[in-house]
Amino acid sequence: MKTCFAEVIVDISRADLDRTFSYRIPEALTDRICPGAVVKVPFGARTILGCVVAVSETPTLDAARLRDILEVITDDTVVESSLVALAVWMKDHNGGTLNQALRTVMPRRRKVRDRLEKTVVLTASPEAVGAFIEHEGSGRAKAQARALAILKETAVMPAPELIREAGIAGPEPLLRLEEKGFLRIETGRSLRRVTEAVETEVPPALTENQKAILDGITREWTGRNRPSLLVGVTGSGKTLVYMALIEKILAEGRQAIVLIPEIALTYQTVNRFQKRFGNAVSFLHSRLSDGEKYDQFRAAREGCVKVMVGPRSALFTPFPKLGLIILDEEHEESYHSETVPRYHARETAIARAGLEDAHVVMGSATPSVKAYYEAENGRYARFFLTERYGEGRLPDTVTVDMREELRAGCRSVISRRLRDEIALRLEKKEQVMLFLNRRGLMGFVSCRSCGYVEKCPHCDVSLTQHGRRKLVCHYCGYEKLLPDACPSCSSTLFGGMKVGTEMVEKILEDQFPGARILRMDKDTTRGKAGSGKILKRFADGEADILIGTQMIVKGHDFPNVTLMGILLADLSLNDSDYRSAERTFQLVMQAVGRAGRGRRPGLAVIQSYDPEHYSLVRAAAQDYDGFYREEMAYRRMMRYPPVSFLLAIHGSSKDEVRLEEGMGFIRRFIERIDPSGRLGTIGPTPESIGKVKDVYRRVIYIRHTEETVLREAAGRLERYIGANKGFDEIAVQFDFYA
C-alpha cells in the first residue's frame, strides 16, 4: 500500500499559523482519513487537534521530515470536502483565519458518546410462544408471559417500550426469556430524536399563481440557475411553494435545508414540514444538547433526515447530496453572524450551492434592499405572490399619532384607540398580539411632544447618548451636548424612552383584569423548548393576548388573531444605523401581516411619534415597491450599500488607551495606502454599545463603489496587523456590507 500524506490546519487561531502543515498518514489510519476528518497531531512539543483539508500520495515536503498523524478523533463525523472548500471561501470573503472558518462549518470538534438502545427480537416459533403463554400465564412466570404476548404481535420491539407495555418492573423477565431461547436482546446505536411523530397530511392545492411560480423557479434551475427571490405578501403561501420545491428535490434523491431567522419559529415551521414530509424532517439550533446536535448531523449524513430546519448554523448540515437551500424571511439581520467569520447566510448559501450544484430560493414579504437590488439588476430571478392564500385578506391599518395622544392627556404606551380595539376583541373571543418594537433603545433621544430626534448633520443617523449629557454619531464621531429642551418645539418632554414587555403586561392586567395574557421575550423563552411552549399555548387558545418583541412578528400563523397592536413603531427609526428605515419598514409590515390570517378580517393599529415617516406610511399601505424607491434614493445620495460597498473594521480590547492607539494606527495606515482619499474612511468612533463586559469597542468604516478595492485594503490591513505586536491585545475583525 502506498504511503499517503495529509495537509492539516491546526486548531490555533493565529494569523501566522493560518496555513496547512504536512503529516504522514500511518497505514492503519489510511482508510479513516479524508478531507474534513478531525485528527490529533504532534505540533512542537504538544499534541493538538487539527482538521484534514487535503489528502494526496505526494508529500509537499521531504517525507523523511514529516511526522505521523496520531489518531482520528471522528470516523463518522467528517465534513465533506465541499464544506472544507466552503470554509476556504468564507475565510477569503469574510476575513479571519481558516481555522475559525472550519470551526464554523464543523458539526463537532470532539466525539460525543453514542446513545445505545436495546431491542428485543422474538426468536421462538408461534407454537412455542403460545404454549408458554397458556401454561405460564397465570403462574410464577406471568410477567414473562405478558411480555411474550405483546412481542408475539410485533416480533421486534424496543426493550423500554416492551417493559412499559407489559407492566413489568425491569429487564429481568426478558433476560430469563432470553436464557430460555424465546427471544434475543440486541444492543444498537440509536439517534437522539428532537422531533415527535406527527401524522402526515395531504397538502392543500396550490393556487394558479403558486403553480406559475413553481414552474418558473424550476425552469430557472434548468437554465441559468440564479438564486430565486420570492416576494410574497404575508400569508400568501410561500411555505406551500417551498414544500412543492422540496418535494421535487427529494424525488431526485437529494436533500434540502430550510433556514429560519429565529429559534422561536422552529415549533410552527417544523410542525408544518413534518405534516408534509414526516420523519424525514429534523431541526438544529443552539439550544439542543451536544448529543442532540451530533445525532442530527449524523442522521443527515446517513440519510435518516432529508430536510433540516434551523437558524443560520443549519446551513452547514453535512448532506451528501444537497439539492436546495431555502432562506425564509430573507431580510432578517439574524442571518448575519456577529462573530468571526462575520458571514451572511445569504451569500454563504449561494456559495455552498455553487460548490454542490444546488439551488437557492429566498422568500420574504419585505426583502432586504440588497436582495431586491440584486433582483432588479438581474443577478437573482424574481417572482411575486400578491394575494393571501385561501380566504384571508390583508388587514386594515390605523395609524395613531402618539403626539396627539399626549396632548389629549393620554400618557399610556397603549393609545385610546388600541385600548378600545382590544376590549372589542376580548368581547368577541378573538385573539390579540401586541408587538413592542424595542429596536433603537441604544440611548437615542427624542421629543414626545413633536417627535423630533437629534441626528448627525453629516451622516443622517440618530445621535446616541453617552453618559448624562453627550450625544455621539457612531459613523463619523461627531459630538454635541444634550439640549435641555427640544430644539424644534422647546418642549421639556425631551429625552430617552424606556419601555419593556413586562411593563406592558402590567398595564394590560390593570386595564383588562379578566384577560389571559402571555409574554414572549428573552426572559420567558429560556431553554430549548421555551418559545415553542408559549406559541403552542397561544395556538391552542389558552390565552387572549400575546405580548412580545421581534420574535412574535416573524412567520407565525394564528388564524384567530384579528388585532395586531404595534407599540412605539418608530423606535427603530432611531437606530444609529443607515439601515434604520429599512428595518423599521420590515418590522412594522411583518407585524401588520400577523392579523387577519383566518376567515375573520384583521386590523393593525400602528402607534408612532413620527407617523409621517415614509417607512411607516409605506408599511401601513403594505407597499414594498414604494418603500424601496424612496429608500434607494436615500442610499444613492449618502453612498450607502447596495450602491456602494462598506467595510467595517471592528476593534475591541480591555485596555481603552491601547485600543484608541491601535485604531488610530489603523486609520493612519489606511491614509498611507490611500493618499487620495478614494476609500472614504470615517472613524474611529465608539460602537453603538461602546463597552460590553469591560471590553471597549471601536469601529472604522470604509466606503467604495468596487468590492475588490475594499477586499484588497482588508488584506493589506490584516497583514499589517499580523506583523505588529502592538495589536496582540486588540481583537480586530472585518465585516463587509454590500
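The values are calculated or read from the model by the stated rules, or taken from the named source; none is laboratory data. Computed from a predicted model, the values in this text were never measured in an experiment. No Cβ is skipped: glycine too gets one built from the backbone with ideal geometry, and neighbour counts run over all protein chains shown. What goes into the accessible areas is simple: the full protein's heavy atoms, side chains included, and nothing from ligands, DNA or RNA. Shrake-Rupley method; radii C 1.70, N 1.55, O 1.52, S 1.80 Å.
Could you tell me which of the residues F273, F277 is in contact with a strand residue (DSSP E or B) (Cβ under 8 Å, 6 or more places away or on another chain) and open to solvent by 20 Å² or more (accessible area, probe 1.4 Å)? Explain how you work it out, then say what you get.
Working: F273 fails: open to solvent by 20 Å² or more (accessible area, probe 1.4 Å).
After applying the criteria, what remains is F277.
Could you please find all residues in the stretch 194-253 being of a type in the set (A, V, I, L, M), open to solvent by less than 20 Å² (accessible area, probe 1.4 Å) and in a loop (DSSP other than H, G, I, E, B)? Lay out the reasoning, then the answer.
If we filter the stretch 194-253 for residues that are of a type in the set (A, V, I, L, M), which is where we start, we get 194, 197-198, 202, 205-206, 212-214, 217, 229-231, 233, 240-241, 243-246, 249-251.
Filter once more, keeping what is open to solvent by less than 20 Å² (accessible area, probe 1.4 Å): 213, 217, 229-231, 240-241, 243-246, 249.
Hits for the stretch 194-253: nothing passes.
Spot the failing condition for I700; the list is (1) among the β-branched types (V, I, T); (2) exposed (fewer than 14 other Cβ atoms within 10 Å of the Cβ); (3) within 27 Å of the chain's Cα centre (by Cα), and only one is missed.
It is condition (2) that I700 fails.
I'm trying to understand the selection: among the residues of the stretch 623-666, which are farther than 21 Å from R698 by Cα, assigned to a helix (DSSP H, G or I) and open to solvent by 80 Å² or more (accessible area, probe 1.4 Å)?
Selection gives R629, R636, M637.
Name the residues in the stretch 35-56 that are under 28 Å from D92 (Cα atoms), open to solvent by 50 Å² or more (accessible area, probe 1.4 Å) and part of a loop (DSSP other than H, G, I, E, B), would you?
Once the filter is applied, which keeps residues that are under 28 Å from D92 (Cα atoms), open to solvent by 50 Å² or more (accessible area, probe 1.4 Å) and part of a loop (DSSP other than H, G, I, E, B), the stretch 35-56 yields only G44.
Just name the residue that is nearest to S364 (Cα to Cα) out of those in the stretch 260-299 that are aromatic (F, W, Y) and in contact with a Gly (Cβ under 6 Å, 6 or more places away or on another chain). Break it down stepwise before answering.
Here is the first cut: in the stretch 260-299, the ones aromatic (F, W, Y) are 267, 273, 277, 283, 294, 297.
Subset that is in contact with a Gly (Cβ under 6 Å, 6 or more places away or on another chain): 267, 283.
Working: Y267: 19, F283: 21 Å.
Among those residues, the one meeting the criterion is Y267.
Counting just the residues of the stretch 434-454 that are open to solvent by 10 Å² or more (accessible area, probe 1.4 Å) and part of a strand (DSSP E or B), which one comes out modelled with the highest pLDDT?
Among those that are open to solvent by 10 Å² or more (accessible area, probe 1.4 Å) and part of a strand (DSSP E or B), it is V453.
Residue-wise test of (1) closer than 20 Å to G237 by Cα; (2) in contact (Cβ under 8 Å) with a residue 40 or more places away in the chain; (3) more than 22 Å from the chain's Cα centre (by Cα).
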position	(1), (2), (3)
D521	no, no, no
R537	no, no, yes
A543	no, yes, yes
H556	yes, yes, no
G565	no, yes, yes
L573	no, yes, yes
G598	yes, yes, yes
A604	no, yes, yes
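Which helices (runs of 4 or more DSSP H) does the stretch 526-621 wholly contain that include 3 or more residues that are modelled with pLDDT of 90 or more and either open to solvent by less than 10 Å² (accessible area, probe 1.4 Å) or touching a Pro at 6+ places or on another chain (Cβ under 7 Å) (or both)? I'd like the intermediate steps shown before the answer.
Working: elements: 530-539, 580-592, 614-620.
Of the helices (runs of 4 or more DSSP H) lying wholly inside the stretch 526-621, those with at least 3 residues that are modelled with pLDDT of 90 or more and either open to solvent by less than 10 Å² (accessible area, probe 1.4 Å) or touching a Pro at 6+ places or on another chain (Cβ under 7 Å) (or both) span 580-592, 614-620.
Return yes or no: is P642 in contact (Cβ under 8 Å) with a residue 12 or more places away in the chain and closer than 30 Å to R716 by Cα?
yes
Among the candidates R388, R346, R393, R342, which residue alone is basic (K, R), touching a Phe, Trp or Tyr at 6+ places or on another chain (Cβ under 8 Å) and at pLDDT below 95?
Values: R388 fails: touching a Phe, Trp or Tyr at 6+ places or on another chain (Cβ under 8 Å); R346 fails: at pLDDT below 95; R393 fails: touching a Phe, Trp or Tyr at 6+ places or on another chain (Cβ under 8 Å).
The match here is R342.
Of the numbered conditions (1) exposed (fewer than 14 other Cβ atoms within 10 Å of the Cβ); (2) assigned to a helix (DSSP H, G or I), F669 satisfies every one except a single condition; which is it?
Of everything listed in (1) exposed (fewer than 14 other Cβ atoms within 10 Å of the Cβ); (2) assigned to a helix (DSSP H, G or I), F669 misses just condition (1).
Here are some residues: F297, F273. Which one is without any contact (Cβ under 8 Å) to a residue 40 or more places away in the chain, in a helix (DSSP H, G or I) and among the hydrophobic types (A, V, I, L, M, F, W, C)? It would help to see each step written out before you state the result.
Details: F297 fails: without any contact (Cβ under 8 Å) to a residue 40 or more places away in the chain.
Exactly one residue qualifies, and that residue is F273.
Would you confirm, using the coordinates I've provided, whether A280 is in contact with a helix residue (DSSP H, G or I) (Cβ under 9 Å, 6 or more places away or on another chain) and either over 21 Å from A345 (Cα atoms) or free of Cβ contacts under 8 Å to residues at least 40 places away in the same chain (or both)? Working first, answer last.
On the way: in contact with a helix residue (DSSP H, G or I) (Cβ under 9 Å, 6 or more places away or on another chain): yes; either over 21 Å from A345 (Cα atoms) or free of Cβ contacts under 8 Å to residues at least 40 places away in the same chain (or both): yes.
It is true that A280 is in contact with a helix residue (DSSP H, G or I) (Cβ under 9 Å, 6 or more places away or on another chain) and either over 21 Å from A345 (Cα atoms) or free of Cβ contacts under 8 Å to residues at least 40 places away in the same chain (or both).
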